[in-house]
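One structure below.
The values are calculated or read from the model by the stated rules, or taken from the named source; none is laboratory data. Here the structure is a predicted model, which means the values were calculated and not measured. In this analysis, Cβ positions are derived from the backbone assuming ideal geometry, glycine residues included, and neighbour counts consider all displayed protein chains. Remember, those area values only see protein heavy atoms, side chains included, never the ligands or the DNA or RNA. Shrake-Rupley method; radii C 1.70, N 1.55, O 1.52, S 1.80 Å.
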Amino acid sequence: MQAWPLFLLSAAVAAGLLLATCAPARKTAVEGRPLSFPLSLLALAAGTTALVVPGHSAALDNRLLSLIGEHTTTWLNTLMTGITHTGSAWFLTLLISACVIWQLRSRNYPHALLLALSGLSAGLLVIVSKALIARPRPELWDTIEVSSYSFPSGHSLGTAACAGVLAIVAMRRAPQRRRVWITGAVTWSALVGLSRMALGVHWPTDVLTGLLIGFAIPLLLSRLPGCRQPD
């Protein structure tokens, strides 16, 4: 990736964090929610990263991915190809952008900021992490061609962040359907992660780490003053 798009993305995330942090605090229920869950997700992601970087997870990754490949039939491969597109950068960008515009038109600025910041932060983390770790893609069988590095899975991280923030916004608007929103977010993210492995373009630890970080992003950002539940 060229320097100037990365600079613009970093600047956008920094501006969003500054806006969300400096906004007047709202006394809402979110203030009382413990940080233990999102921090636990990040701790697990740090643990898998610590195994991936020195190559300690290579044998297990190879074994698990080979097993998945053996059970991926032609029709399942076609299905997974369709599912994986719902985790692509263009699809998630369009979805988040549409939701941000909708919230802005409704003058729901905290939700708009949370949605935009979650999407931008996820994109920035994917780009920086891939460049720093530079893990090669799997080459266990012939599959679709991809040019970027493998760790973490951008599709998995992006989908988890997108699904997670949409679930948070949905729960704020319709809390009585909390289980529906959570189930939908987890199911969508899991299917996209599975599709990346079934297509042979990501190792299992790529997907797991991406999902952990992706879900942690909106959970943490939703606690910032500017992203909290509107009064």
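Looking across segment 77-136 at every residue that is basic (Lys, Arg) and in a helix (DSSP H, G or I), the one that is nearest to TYR149 (Cα to Cα) is identified as LYS130. Report yes if some residue within segment 51-63 is of a type in the set (Val, Ile, Thr), out of contact with any Cys (no Cβ under 9 Å at 6 or more places or on another chain), open to solvent by 30 Å² or more (accessible area, probe 1.4 Å) and under 16 Å from ALA160 (Cα atoms); otherwise report no. No: zero hits.
Would you mind stating whether THR143 is of a type in the set (Ser, Thr, Tyr) and assigned to a loop (DSSP other than H, G, I, E, B)? Answer is yes for this residue. All of LEU114, LEU95, LEU120 fail the test of being at pLDDT 90 or above and either open to solvent by 60 Å² or more (accessible area, probe 1.4 Å) or touching a Gly at 6+ places or on another chain (Cβ under 7 Å) (or both), apart from LEU120. If you filter segment 80-92 down to residues that are free of Cβ contacts under 8 Å to residues at least 40 places away in the same chain and not aromatic (Phe, Trp, Tyr), you find that the one that is surrounded by the most Cβ atoms within 10 Å (Cβ to Cβ) is HIS85.
One residue alone among ALA174, ALA185 is under 22 Å from SER129 (Cβ atoms) and either at pLDDT below 95 or open to solvent by less than 20 Å² (accessible area, probe 1.4 Å) (or both), and that residue is ALA185. Checked against the criterion of being assigned to a helix (DSSP H, G or I), out of contact with any Phe, Trp or Tyr (no Cβ under 8 Å at 6 or more places or on another chain) and modelled with pLDDT under 90, the candidates LEU42, LEU17, LEU67, LEU60 yield just one match: LEU17. Evaluating LEU211 against the criteria (1) among the hydrophobic types (A, V, I, L, M, F, W, C); (2) over 10 Å from the mean Cα position of the chain (by Cα); (3) open to solvent by 30 Å² or more (accessible area, probe 1.4 Å); (4) over 20 Å from GLN103 (Cβ atoms) leaves one unmet condition, (2). Checked against (1) part of a helix (DSSP H, G or I); (2) more than 23 Å from PRO225 (Cβ to Cβ); (3) more than 20 Å from the chain's Cα centre (by Cα); (4) not charged (D, E, K, R), THR72 passes all but a single condition, namely (1). Of everything in segment 142-163 that is under 13 Å from ARG196 (Cα atoms) and hydrophobic (A, V, I, L, M, F, W, C), the residue that is surrounded by the most Cβ atoms within 10 Å (Cβ to Cβ) is LEU157.
Within the option set ARG105, ARG63, being of a type in the set (D, E, K, R) and closer than 30 Å to ASP142 by Cβ holds for one residue only, ARG63.
Here the condition is being closer than 23 Å to THR49 by Cβ and either out of contact with any strand residue (DSSP E or B) (no Cβ under 7 Å at 6 or more places or on another chain) or not hydrophobic (A, V, I, L, M, F, W, C) (or both); of PHE151, PHE91, it holds for PHE151 alone.
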